[in-house]
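Undergrad: Sharing a structure here in structure tokens format.
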Amino acid sequence: MLQREQNSTSALQSTPPVPPVSWTGDAVTMATAMTRLLLEHDTDRIAKSLAMLWVRGIVDTLFMLKRDAGAFAAITAAPAFRADQRLMAALDVVEGRQPKVEGLFPDQAIEFQAMHDVPNWPKIIGPDAPPLVLKDAADLVQRDPRYYDALYDAIRRNRAMAGEYLLRSVKARPKDHVPGGYIYVGPSHKGDQPDALDVPDAKRKAVNEAIWKELGVGEGTQASINTWDTAKFSFGPGFAATGLLRSVMDNLAKAGADALVPLKAAGLVYQNGTWFVVDPATRTVRSGREALDLLSQDRGLIGTFLDTAGDTRMRKQWMDAEWQAMMGGSGAAAVPKRVVENWPIDLIVFVAHCVHWGGRTWKQWESDDPPAVFEVVRTQARSVGHQKDPRVLTLLSANTFRSFAGGLLMKTLREQGRRQDTPVNLPDDWNTGFAGAVALPASATKPVFHLIEADE
């Protein structure tokens with residue numbers, strides 16, 4: 001029998017085994033704990049810690065670990081990891097392979113299969129799904145009601161693992177037709193631009209670059225969202241879900257872009273002209289306006305969009321698809337040849353922003369002779385928010401006009417000595433003697449206006 005010699009430093013000693021790491025509460029912190037263990041080369045403890053988790057926790061932790069390619073490879077290659085069937089089934093799910101679930105308990109097999117099937121949710125619970133009759137399901141696993149619970153929950157957890165962003169709340173302002181919601185403007189990346197801006201014609205190239213600077217940069221970075229206005233959801237440089245973002249999504253789908261993969265995993269697709277968003281809370285799939293209502297308030301979905309903008313490759317895919325949409329028939333960058341040849345670039349940019357806003361298209365603006373900027377404002381004013389008096393714009397619309405093309409409108413008002421900051425209450429019969437006059441509020445608290453009269 002071995003005995004320890006009293007007060008001896010050389011006697012036989014034993015070290016109690018270090019216990020596995022318990023679930024930390026979320027996949028992010030659990031993955032961090034596993035990475036720290038890797039620094040101690042304790043892959044056995046990592047495998048034991050993961051094996052203690054329920055299958056959802058294993059898969060989610062592996063998804064987070066995969067963001068560190070080196071740590072992920074080292075952990076999943078460890079002998080203790082590869083000897084565990086549940087861990088290997090979880091690895092199959094994370095790598096997009098059919099999980100090997102033979103021999104596992106039915107509830108675990110169901111969970112793994114549901115998590116594997118998340119990318120196919122449109123065909124299972126979404127717009128492409130056949131009527132749900134569980135007893136007729138071809139797969140025995142899919143006959144189990146627990147399969148659908150697991151599928152909805154996997155989508156919920158995918159949203160929960162999106163990045164966290166400091167979204168700023170915007171209060172509702174009914175008077176200005178502002179329903180309220182979130183806004184976020186992330187960092188810009190110097191040199192980011194679509195490849196197609198570069199063309200042989202020097203003037204066209206200058207126009208392309210100016211429009212992208214105005215709309216691709218000036219309207220917000222790619223990592224930007226707005227959910228506070230009537231568009232319900234806008235992403236990147238002002239692409240609204242009720243407008244050109246639909247064309248952008250179609251362009252990404254045609255190109256097979258990676259940027260759509262995390263969005264689908266989070267339960268969002270755009271197809272056949274309709275938005276579809278999974279609602280895990282009610283176990284339904286919402287479409288159209290209801291889908292946008294859900295998207296505009298779901299921080300996980302918003303975070304997923306922003307995550308794609310943070311990835312260099314996916315961000316480039318977004319920009320190329322956006323420029324392609326802007327070059328489409330009614331897009332802001334579809335500037336006719338004779339406009340490029342005859343108009344000044346700042347006016348082209350001003351009108352392009354109006355086209356992007358909505359109203360006239362370039363086909364309707366096309367001419368050899370450039371219009372006066374005031375004519376452009378009066379024309380566009382018919383398509384934007386105004387007060388009860390249609391000649392008086394909302395402050396939001398006025399501020400939008402003032403921001404176009406580096407402040408071209410205000411510069412022109414000053415140069416031509418037009419009436420600015422006019423402190424008057426406009427009478428009911430106000431028209432300044434000409435048709436088509438427009439008043440742009442200059443203050444949120446005082447009846448002060450910039451007056452744009454019809455040209456004589």
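Undergrad: Going through segment 247-263 one residue at a time, which ones are under 26 Å from V93 (Cβ atoms), outside any loop (DSSP other than H, G, I, E, B) and more than 12 Å from the chain's Cα centre (by Cα)? Show your work before the answer.
TA: The first filter runs over segment 247-263 and keeps only residues under 26 Å from V93 (Cβ atoms), leaving 252-253, 256-263.
Among the residues that remain, those that are also outside any loop (DSSP other than H, G, I, E, B) are: 252-253, 260-263.
L252, A253, V261 - these are the residues of segment 247-263 that are under 26 Å from V93 (Cβ atoms), outside any loop (DSSP other than H, G, I, E, B) and more than 12 Å from the chain's Cα centre (by Cα).
Undergrad: Residues in segment 125-134: is at least one exposed (fewer than 13 other Cβ atoms within 10 Å of the Cβ), touching a helix residue (DSSP H, G or I) at 6+ places or on another chain (Cβ under 6 Å), modelled with pLDDT under 95 and not assigned by TED's automatic domain parsing to the domain that holds V285?
TA: Step one: of segment 125-134, the residues exposed (fewer than 13 other Cβ atoms within 10 Å of the Cβ) are 130-134.
Now narrow it down to the ones that are touching a helix residue (DSSP H, G or I) at 6+ places or on another chain (Cβ under 6 Å): 134.
Among the residues that remain, those that are also modelled with pLDDT under 95 are: 134.
Now drop any that are not not assigned by TED's automatic domain parsing to the domain that holds V285, which leaves 134.
Within segment 125-134 (the criterion being exposed (fewer than 13 other Cβ atoms within 10 Å of the Cβ), touching a helix residue (DSSP H, G or I) at 6+ places or on another chain (Cβ under 6 Å), modelled with pLDDT under 95 and not assigned by TED's automatic domain parsing to the domain that holds V285), the answer is yes, since at least one residue qualifies.
Undergrad: Is there a residue in segment 217-236 that is over 17 Å from G303 (Cα atoms) and not in a loop (DSSP other than H, G, I, E, B)?
TA: In the first step, residues of segment 217-236 are kept if they are over 17 Å from G303 (Cα atoms); the result is 217-219, 229-231.
Next, from what is left, pick out any that are not in a loop (DSSP other than H, G, I, E, B): 217.
Within segment 217-236, one or more residues are over 17 Å from G303 (Cα atoms) and not in a loop (DSSP other than H, G, I, E, B).
Undergrad: On to the next question. What residue, of L306, L244, is surrounded by 20 or more Cβ atoms within 10 Å (Cβ to Cβ), farther than 22 Å from A332 by Cα and under 15 Å from the mean Cα position of the chain (by Cα)?
TA: On the way: L244 fails: farther than 22 Å from A332 by Cα.
Within the list L306, L244, the selection yields L306.
Undergrad: Among the residues of segment 199-210, is any part of a strand (DSSP E or B), of a type outside the set (G, A, S), out of contact with any Lys or Arg (no Cβ under 8 Å at 6 or more places or on another chain) and crowded, with 20+ Cβ neighbours inside 10 Å? Spell out how you get there, then give the answer.
TA: Going through segment 199-210, the residues part of a strand (DSSP E or B) turn out to be none.
No, segment 199-210 has no match at all.
Undergrad: Look through A90, A69 and report the one residue that is crowded, with 17+ Cβ neighbours inside 10 Å and either under 25 Å from L263 (Cα atoms) or among the β-branched types (V, I, T) (or both). If you could, list the steps in order and put the result at the bottom.
TA: On the way: A69 fails: crowded, with 17+ Cβ neighbours inside 10 Å.
That would be A90, the only listed residue that is crowded, with 17+ Cβ neighbours inside 10 Å and either under 25 Å from L263 (Cα atoms) or among the β-branched types (V, I, T) (or both).
Undergrad: Which of (1) at pLDDT 90 or above; (2) surrounded by fewer than 17 Cβ atoms within 10 Å (Cβ to Cβ); (3) of a type in the set (A, V, I, L, M); (4) more than 23 Å from E209 (Cβ to Cβ) does I345 not meet, given it meets every other one?
TA: Among (1) at pLDDT 90 or above; (2) surrounded by fewer than 17 Cβ atoms within 10 Å (Cβ to Cβ); (3) of a type in the set (A, V, I, L, M); (4) more than 23 Å from E209 (Cβ to Cβ), the lone unmet condition for I345 is (4).
Undergrad: Turning to a different aspect of this structure: What residue, of G267, G243, G303, is closer than 24 Å to T230 by Cα and touching a strand residue (DSSP E or B) at 6+ places or on another chain (Cβ under 7 Å)? Don't jump to the end; show me each part of the working.
TA: Values: G243 fails: touching a strand residue (DSSP E or B) at 6+ places or on another chain (Cβ under 7 Å); G303 fails: touching a strand residue (DSSP E or B) at 6+ places or on another chain (Cβ under 7 Å).
Sole residue among the options that is closer than 24 Å to T230 by Cα and touching a strand residue (DSSP E or B) at 6+ places or on another chain (Cβ under 7 Å): G267.
Undergrad: State whether one or more residues within segment 172-179 are modelled with pLDDT of 85 or more and either in a helix (DSSP H, G or I) or hydrophobic (A, V, I, L, M, F, W, C) (or both).
TA: Here is the first cut: in segment 172-179, the ones modelled with pLDDT of 85 or more are none.
No, every residue in segment 172-179 fails to be modelled with pLDDT of 85 or more and either in a helix (DSSP H, G or I) or hydrophobic (A, V, I, L, M, F, W, C) (or both).
Undergrad: In segment 177-188, which residue that is crowded, with 16+ Cβ neighbours inside 10 Å and out of contact with any Asp or Glu (no Cβ under 9 Å at 6 or more places or on another chain) is farthest from L167 (Cα to Cα)?
TA: So, considering only residues that are crowded, with 16+ Cβ neighbours inside 10 Å and out of contact with any Asp or Glu (no Cβ under 9 Å at 6 or more places or on another chain), the one farthest from L167 (Cα to Cα) is G186.
Undergrad: Here is a follow-up. Looking at segment 28-45, I want the residues that are touching a residue at least 60 places away in the same chain (Cβ under 8 Å) and have a partner that is aliphatic (A, V, I, L, M) and outside any helix (DSSP H, G or I) with Cβ atoms under 9 Å, at least 6 apart or on another chain. Which pairs are those?
TA: Short answer, once both residue conditions are applied: V28/M161.
Undergrad: Would you please name the residue that is nearest to the chain's Cα centre (by Cα), looking only at residues in segment 73-82 that are within 18 Å of P99 (Cα to Cα) and surrounded by 21 or more Cβ atoms within 10 Å (Cβ to Cβ)? Steps first, please.
TA: Step one: list which residues in segment 73-82 are within 18 Å of P99 (Cα to Cα), which gives 76-77, 81-82.
With the extra rule that they be surrounded by 21 or more Cβ atoms within 10 Å (Cβ to Cβ), the set shrinks to 76, 81.
On the way: T76: 31, F81: 36 Å.
Among them, the one singled out is T76.
Undergrad: Just to be sure I understand, how many residues within segment 55-78 are farther than 23 Å from D307 by Cβ and touching a residue at least 24 places away in the same chain (Cβ under 8 Å)? First the steps, then the outcome.
TA: Step one: of segment 55-78, the residues farther than 23 Å from D307 by Cβ are 55, 74, 77-78.
Filter once more, so that each one left must be touching a residue at least 24 places away in the same chain (Cβ under 8 Å): 55, 74, 78.
Counting residues in segment 55-78 that are farther than 23 Å from D307 by Cβ and touching a residue at least 24 places away in the same chain (Cβ under 8 Å) gives 3.
Undergrad: To continue, here is another question. Among what's in segment 345-383 and is charged (D, E, K, R) and free of Cβ contacts under 8 Å to residues at least 60 places away in the same chain, pick the residue that is nearest to T400 (Cα to Cα). Give the derivation first.
TA: In the first step, residues of segment 345-383 are kept if they are charged (D, E, K, R); the result is 346, 360, 363, 366, 368-369, 375, 378, 382.
Still in the running and free of Cβ contacts under 8 Å to residues at least 60 places away in the same chain: 360, 363, 366, 368-369, 382.
On the way: R360: 17, K363: 23, E366: 23, D368: 27, D369: 25, R382: 14 Å.
The qualifying residue nearest to T400 (Cα to Cα) is R382.
Undergrad: Looking at (1) exposed (fewer than 13 other Cβ atoms within 10 Å of the Cβ); (2) at pLDDT 90 or above, which one does P427 not meet, given that it meets all the others?
TA: (2)
Undergrad: If you don't mind, another one. Could you tell me which of the residues E322, E341 is within 27 Å of G385 (Cα to Cα) and either out of contact with any Ser or Thr (no Cβ under 8 Å at 6 or more places or on another chain) or acidic (D, E) (or both)? It would help to see each step written out before you state the result.
TA: Working: E341 fails: within 27 Å of G385 (Cα to Cα).
Answer to the selection: E322.
Undergrad: Could you count how many residues in segment 52-71 are over 13 Å from Q108 (Cα atoms) and either touching a Cys at 6+ places or on another chain (Cβ under 9 Å) or in a helix (DSSP H, G or I) (or both)?
TA: Of all residues in segment 52-71, those over 13 Å from Q108 (Cα atoms) come to 52, 60-71.
Keeping just the survivors that are either touching a Cys at 6+ places or on another chain (Cβ under 9 Å) or in a helix (DSSP H, G or I) (or both) gives 60-65, 69-71.
Summing the residues that are over 13 Å from Q108 (Cα atoms) and either touching a Cys at 6+ places or on another chain (Cβ under 9 Å) or in a helix (DSSP H, G or I) (or both) in segment 52-71 gives 9.
The values are calculated or read from the model by the stated rules, or taken from the named source; none is laboratory data. Treat the numbers as computed from the prediction; the structure is a model and nothing was measured. Virtual Cβ from ideal backbone geometry, glycine too; neighbours counted across all protein chains shown.
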